Amino acid sequence: MASARPRLAVWKFASCDGCQLSLLDCEDELLAVTDRLEVANFREASSAVVEGPYDLSLVEGSVTTPADVRHIQEVRAESRVLVTIGACATAGGIQALRNFADIEEFRRAVYARPEYIETLATSTPIADHVRVDFELRGCPISKAQLLEVISAFLLGRAPNVPNESVCIECKRRGNVCVLVARGTPCLGPVTQAGCGAICPAYDRGCYGCFGPQVTPNVPAMMAKLREVGLAPLPMHQVFRTFNALAPAFRAAADATVTSEGTHR
């Protein structure tokens, strides 16, 4: 008798759903994957749900409410392998900008009856709350890298996801360096590859969507950014975007706030 296929679950927390859509965008590749995996719980794709436990859980989004805290603990308990996907799940996402502001002020400004809104003062990565087996970064993630992670799970090996910088991708595409040649602020030297250097290919600087690469020289990056000029953006705002809570980017922003006396 053939053994049952491993069960895959996909979970959403605070996010825009873009990383789940990256999985759906796999189309033909996803059909091949489903021959090896049972898609047991994926609300973005189907209302049909098979109860856990699950062999592989993909988690998109950050933890922003007390209910999220409870839910991610439940997900971890019923998942053999848990992989976080995207900047929200791995570094708090763009919504982590609340961590540097007054959440009560935001709540009063946005909602007519803020007393009914239950939220946390912070947006935090999944790994701040439960054990994570692998983090796949990006905003959104690369579908090729996602397929690599799923394939690695099925084959029982570690995912082969590059940790080089976006600069390497620029070289492969034959892009002219916008930082050196044009003086355009660009985070490519300190950002992990995965996007295919899309922004530099269109004469725009890298925004750091995939977070810091494994050994980022952030102080040298900051010195270069000051050299080319960042007006009208203060330095700390360059690092407080999609991956504001990624340790290397957060340290750079916090150090700038402290040294320059910028208001948080």
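The values are calculated or read from the model by the stated rules, or taken from the named source; none is laboratory data. Keep in mind the model is a prediction, meaning the values are calculated, not measured. Here the Cβ is made from the backbone with ideal geometry for all residues, glycine too, and neighbour counts use every protein chain on show.
Some points to look at:
- Helices (runs of 4 or more DSSP H) enclosed by the range 146-208 - at least 1 residues per element that are among the hydrophobic types (A, V, I, L, M, F, W, C) and closer than 30 Å to Leu30 by Cβ: 166-173, 198-201
Residues checked against (1) more than 24 Å from the chain's Cα centre (by Cα); (2) free of Cβ contacts under 8 Å to residues at least 60 places away in the same chain:
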{"residue": "Ala14", "(1), (2)": "no, no"}
{"residue": "Leu21", "(1), (2)": "no, no"}
{"residue": "Glu29", "(1), (2)": "no, no"}
{"residue": "Ala32", "(1), (2)": "yes, yes"}
{"residue": "Pro66", "(1), (2)": "no, yes"}
{"residue": "Arg70", "(1), (2)": "no, yes"}
{"residue": "Glu74", "(1), (2)": "no, yes"}
{"residue": "Leu82", "(1), (2)": "no, yes"}
{"residue": "Cys88", "(1), (2)": "no, no"}
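- Given (1) aliphatic (A, V, I, L, M); (2) surrounded by 18 or more Cβ atoms within 10 Å (Cβ to Cβ); (3) over 27 Å from Leu8 (Cβ atoms), number of the condition Val149 does not satisfy: (3)
- Tally of residues being surrounded by 11 or more Cβ atoms within 10 Å (Cβ to Cβ), of a type in the set (Gly, Ala, Ser) and at pLDDT below 95 across the range 99-132: 2
- Boolean, Glu29 is part of a loop (DSSP other than H, G, I, E, B) and either within 18 Å of Cys88 (Cα to Cα) or of a type outside the set (Val, Ile, Thr) (or both): no
- The lone criterion from (1) within 21 Å of Pro140 (Cα to Cα); (2) among the aliphatic types (A, V, I, L, M); (3) touching a Phe, Trp or Tyr at 6+ places or on another chain (Cβ under 6 Å); (4) surrounded by fewer than 22 Cβ atoms within 10 Å (Cβ to Cβ) left unmet by Val75 is number (1).
- Remark: Arg107 matches the filter, which requires a residue to be over 23 Å from Phe134 (Cβ atoms) and of a type in the set (Lys, Arg).
- Against the criterion of being at pLDDT 95 or above and assigned by TED's automatic domain parsing to the domain that holds Leu30, Val149 qualifies.
- Qualifying positions in the range 116-141 - polar (S, T, N, Q) and in contact with a strand residue (DSSP E or B) (Cβ under 8 Å, 6 or more places away or on another chain): Ser123, Thr124
- Boolean, Glu135 is closer than 29 Å to Asp28 by Cβ, surrounded by fewer than 16 Cβ atoms within 10 Å (Cβ to Cβ) and of a type in the set (Asp, Glu): no
- The range 152-169, subset without any contact (Cβ under 8 Å) to a residue 12 or more places away in the chain and of a type outside the set (A, V, I, L, M, F, W, C), residue surrounded by the fewest Cβ atoms within 10 Å (Cβ to Cβ): Gly156
- Meets criteria (in contact with a strand residue (DSSP E or B) (Cβ under 8 Å, 6 or more places away or on another chain), surrounded by fewer than 23 Cβ atoms within 10 Å (Cβ to Cβ), not in a loop (DSSP other than H, G, I, E, B) and not assigned by TED's automatic domain parsing to the domain that holds Asp128) for Ala248: yes
- Residues (part of a loop (DSSP other than H, G, I, E, B) and closer than 22 Å to Glu169 by Cβ) located in the range 209-244: Cys209, Phe210, Gly211, Gln213, Val214, Thr215, Pro216, Asn217, Thr241, Phe242, Asn243
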